[in-house]
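The values are calculated or read from the model by the stated rules, or taken from the named source; none is laboratory data. A quick note: this is a predicted structure, and the numbers were derived from the prediction, not measured. All Cβ positions, even for glycine, are placed from backbone atoms using ideal geometry, and neighbour counts span all protein chains on display. Note: accessible area is taken over every heavy atom of the protein model, side chains too, but ligands, DNA and RNA are not part of it. Shrake-Rupley method; radii C 1.70, N 1.55, O 1.52, S 1.80 Å.
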Amino acid sequence: MRLTLVRHGETLWNQQQKIQGITDIELSQLGIEQANRLSHALQHDNFDRIITSPLKRAYDTAQAIGIHHALPITVENDLHELNAGELEGLTFPDLQLRYADFLNKWMIDHASVTMPKGESLQEVQDRVWPVIKRITETSEHALVVSHSFVIITILCKVRNLSLSHSK
């Protein structure tokens with residue numbers, strides 16, 4: 001079994017250094033170009049499935065890659081990004097001003113900290129891993145398009161590493 005993990009292309013919020021979490025932000029022009037370049041780079045891979053997060057930025061990246069493959073794109077709701085709760089849309093300076101205590105805890109032990117009114121990395125891994133397990137049991141070579149924290153938790157699980165290694 002081969003699993004190819006792809007993070008979506010850039011969004012405007014990435015450019016603005018805003019936390020996007022589950023906010024459904026579209027790809028920027030550069031993100032569209034990144035998805036198209038990746039599509040060309042992966043055009044000869046023999047995927048038997050393309051699975052994506054439901055968020056537009058991931059779905060649109062999967063669609064760009066899917067142009068070269070005669071496969072339907074499957075949406076898995078549990079592959080969405082970490083729910084950043086109250087931090088959605090904030091920049092790092094906003095975090096420093098409004099959530100300094102949380103930010104200090106996150107910097108010390110991000111693996112066990114839950115986003116204010118959001119999720120922890122452990123909750124993300126617990127949500128995502130059953131989906132990945134199901135994919136790996138039913139595919140020969142699957143492409144999964146998702147998000148940074150989702151991919152980090154998958155890689156930690158695959159390598160049998162604690163989420164504290166996710167920095």
Given the options LEU97, LEU161, name the one that is within 23 Å of LYS18 (Cα to Cα), exposed (fewer than 13 other Cβ atoms within 10 Å of the Cβ) and more than 18 Å from the chain's Cα centre (by Cα).
LEU97
For the stretch 15-47, which residues satisfy the criterion of being under 21 Å from VAL75 (Cβ atoms), open to solvent by less than 60 Å² (accessible area, probe 1.4 Å) and touching a residue at least 40 places away in the same chain (Cβ under 8 Å)?
GLN20, GLY21, THR23, LEU42, ASP45, PHE47
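Evaluate the stretch 104-112: report whether one residue or more is open to solvent by less than 50 Å² (accessible area, probe 1.4 Å), out of contact with any Cys (no Cβ under 8 Å at 6 or more places or on another chain) and closer than 17 Å to ARG7 by Cβ.
Step one: filter the stretch 104-112 for residues open to solvent by less than 50 Å² (accessible area, probe 1.4 Å), giving 106, 110-111.
Next, from what is left, pick out any that are out of contact with any Cys (no Cβ under 8 Å at 6 or more places or on another chain): 106, 110-111.
Now narrow it down to the ones that are closer than 17 Å to ARG7 by Cβ: none.
No, there is no match, as no residue in the stretch 104-112 is open to solvent by less than 50 Å² (accessible area, probe 1.4 Å), out of contact with any Cys (no Cβ under 8 Å at 6 or more places or on another chain) and closer than 17 Å to ARG7 by Cβ.
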Residue satisfying all of: in the stretch 1-14; open to solvent by 40 Å² or more (accessible area, probe 1.4 Å) and without any contact (Cβ under 8 Å) to a residue 60 or more places away in the chain; farthest from THR136 (Cα to Cα) among these
LEU12
Determine if the stretch 113-124 includes at least one residue that is surrounded by fewer than 16 Cβ atoms within 10 Å (Cβ to Cβ), in contact with a helix residue (DSSP H, G or I) (Cβ under 9 Å, 6 or more places away or on another chain) and among the hydrophobic types (A, V, I, L, M, F, W, C).
no
Subset of the stretch 105-155 [of a type in the set (S, T, N, Q) and at pLDDT below 95]:
SER112
